[in-house]
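The values are calculated or read from the model by the stated rules, or taken from the named source; none is laboratory data. Just so it is clear, the structure is predicted and the values come from calculations on it, not from any experiment. No Cβ is skipped: glycine too gets one built from the backbone with ideal geometry, and neighbour counts run over all protein chains shown.
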Amino acid sequence: MAYKKIPEYEDIINIDNIEKFKRGELYDSYNFLGSHKSRYQGKIGICFNVWAPNAKNVYLVGDFNDWNKEAYPMENIEGSGIWTIFLNNAKQGQAYKYNVIGCDGVSRMKADPYGVFSEKRPNTASIIYTNDNYKWNDRKWQREKQKIVHDENPMNIYEVHLGSWKRKWDGEFFSYEELYEMIEYVKDMGYTHIELMPITEHPLDESWGYQTIGYYSSTSRYGTPTEFKAFIDKCHENGIGVILDFAYSHFCKDAHGLYKFDGSAQFEYSDPLKAENLGWGTAHFDLGKPEVNSFLISNVLYWFNEYHIDGIRVDAVSSMLYLDYDIGEWRPNKYGGRENLEAIDFIKKLNKIIYTTVSNPIIIAEESTAWPMVTGPTYSGALGFTYKWNMGWMNDTLKYMEMDPIYRKYHHELITFSFMYAFSENFILPLSHDEVVHGKKSLLDKMPGDPWQKFASLRTLYAYYMIHPGKKLLFMGSEFGQGLEWRYAYGLEWELLEREPHMKMKDYVKDLNHLYKNEKALYEMNNTYEGFDFIDPHNSEQSIVTLMRKGKNERDFIIAVINFTPVVRYNYKIGVPYEGVYEEVFNTDDEKYWGSNQTMKNSELTSYPEKWHNKDNHIRIKVPPLGAVFIKGKELKIDTIQIDSNSKVSIGGKDKKVNKVNSKTKTQKL
């Protein structure tokens with residue numbers, strides 16, 4: 001990567017940039033607003049540009065002028081509301097703010113909305129950070145990423161809060177470089193992506209980053225912007241994609257942030273019925289304001305372009321879509337509905353621009369209602385997201401798993417209903433941070449029964465989650481059976497790995513993750529009914545579900561039998577698609593996973609030519625207690641002859657020219 005040429009000051013503040021910004025069409029506004037190294041009248045320095053349309057005056061204040069609040073007045077460029085100043089005595093690493101004299105005459109000391117680095121909390125100033133010519137080493141990753149068809153490839157996401165994956169004994173954070181060990185861990189565990197809870201600058205640890213101050217600033221908690229780029233580069237080197245969380249529905253109201261920036265409702269709605277989220281104590285972005293569009297759309301592209309991230313997850317999309325979402329009194333839209341029309345337009349615009357600008361992006365919505373067509377292209381009427389978190393699946397599944405097994409037969413629909421709508425959207429199945437905090441308990445602690453039953457039920461939950469259509473997301477710590485619910489101020493309970501059940505749970509999740517990556521049946525036809533066969537959803541009395549996942553090749557399939565009770569089922573009949581011999585390839589009850597070892601290792605399961613579950617053949621198996629068994633074909637009789645329009649026949653994957661074809665069966669060893 002070549003070093004960036006130092007731009008001329010006049011080129012940065014040109015009128016075309018200003019006009020496009022005000023029309024909501026400047027999608028690289030981060031190259032215009034904020035602090036930038038530049039050249040003016042032959043001198044190299046820093047230019048500072050800030051949008052404050054209703055301010056009476058704006059002053060630049062910082063280390064370079066001993067924080068004199070009125071020493072450096074800024075110029076309002078042709079009355080545009082864009083204020084500017086050039087300094088040749090400002091340097092990398094110096095802190096600064098804007099003293100904004102609002103339309104109400106009140107002086108407010110504001111951090112730079114486009115600042116790319118900030119002081120570590122509790123300090124709140126922006127920091128000049130312009131000499132970052134990071135040399136990326138992920139060309140191979142970027143090239144390979146362009147070829148990926150997301151729907152046909154595995155996606156198994158490890159959700160991470162960087163501040164509490166591990167924590168030092170004195171409470172200090174691990175640095176990005178020290179967190180390289182996490183990248184190696186994620187790779188070894190078989191995950192394909194990490195999803196980072198917001199790393200944009202935020203004043204309060206308790207918000208976990210979802211109440212942001214610096215949308216362009218990577219938090220100083222873990223290191224510099226350059227060090228964060230190196231962290232992402234290291235992920236790509238290890239074959240791990242990086243997804244970042246963003247909250248574009250709302251922002252925090254801290255005095256140094258965006259709220260009442262120029263004394264008016266600049267970034268937020270002026271309408272008091274739309275301006276604030278009462279439940280969260282935050283302000284809503286005015287998504288119909290063109291300048292706010294320029295700010296937010298540029299922000300997404302900034303992280304894709306400057307940090308090489310692979311995807312984003314937009315938090316709380318429902319709060320953007322609905323006028324009555326957690327807001328108290330509200331006013332219907334012009335059609336009398338509860339939909340936020342400008343927010344819908346903004347979301348479609350955002351996603352469309354991402355897809356036309358970024359190579360093969362991942363865009364995920366956390367949308368908790370039944371809003372139709374969240375995923376899919378905007379030209380079809382959809383919102384344009386790549387994936388949607390399946391909150392319905394998550395709620396039903398955890399409700400079911402928390403029940404004593406004796407009662408599960410009365411609520412069987414909780415575990416089967418999600419298959420009825422599994423292909424209505426492109427779904428991710430989330431077992432996220434939201435489900436293991438605020439008194440909800442850890443996933444392990446949600447499970448009923450004694451310690452053995454808790455671990456067995458958690459293994460069963462993960463098997464069900466992995467066989468279910470949809471991409472996967474698991475919050476950190478859940479992979480080894482974190483005992484306590486998540487605590488943002490402390491590291492995970494890594495000491496639990498000294499105990500056998502927790503270490504074996506980690507081994508179990510690792511093996512399950514690698515099975516998912518290695519078996520095409522589990523991901524290749526993920527978003528179509530053609531890749532799914534619900535062999536038997538009806539056995540509520542025994543709380544057993546039997547289903548099959550299929551790949552594009554008829555040889556690629558896995559049958560899963562999942563038992564949600566602690567009773568072993570012997571000689572259990574299941575319908576199978578072909579005559580022949582089957583074998584167990586994975587069993588959650590294996591003793592190596594701290595199970596009771598009710599397995600069928602090294603057993604050949606020969607089919608019987610008797611119809612069962614609408615199949616011509618069946619096999620008899622042993623179903624483990626509170627467990628799942630995955631079965632594949634070993635040596636099957638498969639009719640492999642197919643004729644295409646050119647009178648070619650495919651036998652075992654090889655084409656031959658024929659005049660007449662008689663269907664016949666070929667024994668295929670798989």
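Inclusion of SER442 among residues that are without any contact (Cβ under 8 Å) to a residue 60 or more places away in the chain and crowded, with 16+ Cβ neighbours inside 10 Å is warranted. For the stretch 185-241, the tally of residues that are among the polar types (S, T, N, Q), touching a residue at least 60 places away in the same chain (Cβ under 8 Å), touching a helix residue (DSSP H, G or I) at 6+ places or on another chain (Cβ under 8 Å) and assigned to a loop (DSSP other than H, G, I, E, B) stands at 1. Among all positions in the stretch 544-565, there is no residue which is part of a loop (DSSP other than H, G, I, E, B), modelled with pLDDT of 95 or more, out of contact with any strand residue (DSSP E or B) (no Cβ under 8 Å at 6 or more places or on another chain) and hydrophobic (A, V, I, L, M, F, W, C).
Taking the listed residues TYR570, TYR523, TYR608, the one that is buried (at least 21 other Cβ atoms within 10 Å of the Cβ) and of a type in the set (Ser, Thr, Tyr) is TYR523, with no other qualifying.
Matching residues to (1) touching a strand residue (DSSP E or B) at 6+ places or on another chain (Cβ under 8 Å); (2) assigned to a loop (DSSP other than H, G, I, E, B); (3) within 24 Å of PHE251 (Cβ to Cβ):
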site: GLU78; (1), (2), (3): no, no, no
site: TRP83; (1), (2), (3): yes, no, yes
site: TYR98; (1), (2), (3): yes, no, yes
site: ASP104; (1), (2), (3): no, yes, yes
site: MET109; (1), (2), (3): yes, no, yes
site: THR130; (1), (2), (3): yes, yes, no
site: TYR134; (1), (2), (3): no, yes, no
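Yes or no: the stretch 404-420 includes at least one residue that is touching a residue at least 12 places away in the same chain (Cβ under 8 Å) and part of a loop (DSSP other than H, G, I, E, B). Scanning the stretch 404-420, I find at least one residue that is touching a residue at least 12 places away in the same chain (Cβ under 8 Å) and part of a loop (DSSP other than H, G, I, E, B), so the answer is yes.
Across the stretch 375-393, which residue is nearest to ASP315 (Cα to Cα) among those that are of a type in the set (Gly, Ala, Ser) and assigned to a helix (DSSP H, G or I)?
Only one residue fits best here, namely GLY392.
Just checking, does the stretch 342-365 include any residue being touching a strand residue (DSSP E or B) at 6+ places or on another chain (Cβ under 9 Å), in a loop (DSSP other than H, G, I, E, B) and touching a residue at least 60 places away in the same chain (Cβ under 8 Å)? So far as the stretch 342-365 goes, no, none of its residues is touching a strand residue (DSSP E or B) at 6+ places or on another chain (Cβ under 9 Å), in a loop (DSSP other than H, G, I, E, B) and touching a residue at least 60 places away in the same chain (Cβ under 8 Å). Got at least one residue in the stretch 576-588 being under 33 Å from the mean Cα position of the chain (by Cα), assigned by TED's automatic domain parsing to the domain that holds PHE480, at negative phi and among the β-branched types (Val, Ile, Thr)? The answer is yes; a qualifying residue exists.
Residue by residue, here is whether (1) buried (at least 23 other Cβ atoms within 10 Å of the Cβ); (2) closer than 21 Å to ASP132 by Cβ; (3) of a type in the set (A, V, I, L, M, F, W, C); (4) in the same structural domain as VAL58 (by TED's automatic domain parsing) holds:
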{"site": "TYR191", "(1), (2), (3), (4)": "yes, no, no, no"}
{"site": "ALA230", "(1), (2), (3), (4)": "no, yes, yes, no"}
{"site": "ALA247", "(1), (2), (3), (4)": "yes, no, yes, no"}
{"site": "ALA255", "(1), (2), (3), (4)": "no, no, yes, no"}
{"site": "SER264", "(1), (2), (3), (4)": "no, no, no, no"}
